[in-house]
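Just below is one structure, and these are the notes that go with it.
The values are calculated or read from the model by the stated rules, or taken from the named source; none is laboratory data. These numbers were taken from a predicted model, which means no experiment stands behind them. Quick reminder, even Gly has a Cβ in these numbers, built from the backbone with ideal geometry, and neighbours come from all protein chains shown.
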Amino acid sequence: ASLRVAVVGAGRMGSDHVTRLAHRIHRAEVSAVVDVDRARASAVAAEAGVPNVFESFDELLASGTADAVLLATPGFLHEEPLLKLIEAGVPVLCEKPLTMDPEASLRVVQAEAAAGKQLIQVGFMRRFDAGYRQLRSAIESGECGQLLTLHHQHRNPAGPPGFTDEMIINDSVVHEFDAIRFFTGEEISNVQVRTGRVSSHAPEGVHDPQKVTAQTESGLLADVEIFVNARLGYQVHTQATFETGVVKIGENSELELTTAGRSGTSVDAGFETRFGAAYDEEVQRWVDAVRRGEIDGPSAWDGYAAGACCAAGVASQESGQIVNVELAPKPEFYN
Ligand code: ISE
């Protein structure tokens, strides 16, 4: 039987996942859409022929209509449903960030470890992007010697309304922290965030762009340019410098067009297209793993560890100093 997935949160990401599950993912069906805004949930459900609509997570849980949950509400609404899902033994793909702070994420990690079964996957979809996987393989193979530095660029056309300095770290740079952990297989031990010249397109009081430096356990330095009001489209690039080579990912789209005296490639409009294939791969693999009774993607620990880097980043925004990332001991469960 196909996996009955309830999508909780019918906003930008939730509605994209409903479409994905309804039209592109095999061996799964959307059994319910949940949103406090019933009209919004109904519209998304109607579009994809989803039979159930609920206004609250508790109603969904009581209904017994879901074998698994895709949690796509904003991060500040994650902790409570995650704890309830652990208690109910229901697997969940939780959009990033796992929670808003490392203390809450640690509570989730500890509850999952105590329950003794991995149920949570965190929505770090870049781990399923072909370029990210190829770069990780290049690092592991050692074909260009040791990896020395990572340079990340992350540009959005515009920040969503109310996107603060803190959210720039917690919602956007969180992906880069996860990517650095994914590429290197190491934890990040310290973070520094600096602000400088500010774009006239940044909302009042927001420092955009920002420069983030992260250092891993073994000393590798990674730098990130985060620019959320970049106006040019959606661009996410990484350049990795090795002892005898450089690997770039994300810079080239499939097509380069030369015409009328100009030559170039197109720029994505948003993350839905830039990472469209990665989201599809992420959700298909999640569905297949859940049907086998497993989770095989980024874990609650990965969500917690990236969140701890974000907390250090936000502290550094305020102090300008290099801030150490303090991680609780990793439960054996996640090894
Ligand atoms: C958004 O929430 C995402 O997760 C995107 O991947 C990221 O590029 C964007 O900056 C965030 O706001």
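Observations on the model:
- Among the residues making up the range 172-210, those that are under 20 Å from Gln321 (Cα atoms) and assigned to a loop (DSSP other than H, G, I, E, B) are Glu187, Gly196, Arg197, Val198, Val206, His207, Asp208, Pro209.
- Any chance Glu140 is under 19 Å from Gly297 (Cβ atoms), in the same structural domain as Glu176 (by TED's automatic domain parsing) and part of a helix (DSSP H, G or I): yes
- Tally of residues being outside any strand (DSSP E or B) and within 15 Å of Pro74 (Cα to Cα) across the range 1-40: 12
- Residue within the range 64-75 that is of a type outside the set (Lys, Arg), touching a residue at least 60 places away in the same chain (Cβ under 8 Å) and in a helix (DSSP H, G or I) present: yes
- Leading residue by the ranking (farthest from Ala306 (Cα to Cα)) among those in the range 119-131 that are crowded, with 19+ Cβ neighbours inside 10 Å and more than 16 Å from the ligand (Cβ to nearest atom): Leu119
- Qualifying positions in the range 100-137 - in a helix (DSSP H, G or I) and of a type in the set (S, T, N, Q): Ser105, Gln110, Gln134, Ser137
- For the range 75-105, the set of residues classified as of a type in the set (A, V, I, L, M), in contact with a helix residue (DSSP H, G or I) (Cβ under 6 Å, 6 or more places away or on another chain) and away from the ligand (no atom under 15 Å from the Cβ) consists of Leu82, Leu83, Ile86, Val92, Ala104, listed by residue number.
- Subset of the range 143-159 [surrounded by 13 or more Cβ atoms within 10 Å (Cβ to Cβ), more than 16 Å from the ligand (Cβ to nearest atom) and part of a loop (DSSP other than H, G, I, E, B)]: Cys144
- Qualifying residue in the range 163-186 (condition: assigned by TED's automatic domain parsing to the domain that holds Ala240, in contact (Cβ under 8 Å) with a residue 60 or more places away in the chain, surrounded by fewer than 17 Cβ atoms within 10 Å (Cβ to Cβ) and within 17 Å of the chain's Cα centre (by Cα)): yes
- For the range 285-296, a residue qualifies if it is over 14 Å from Val69 (Cα atoms) and under 16 Å from the mean Cα position of the chain (by Cα), and the qualifying residues are Arg285, Asp296.
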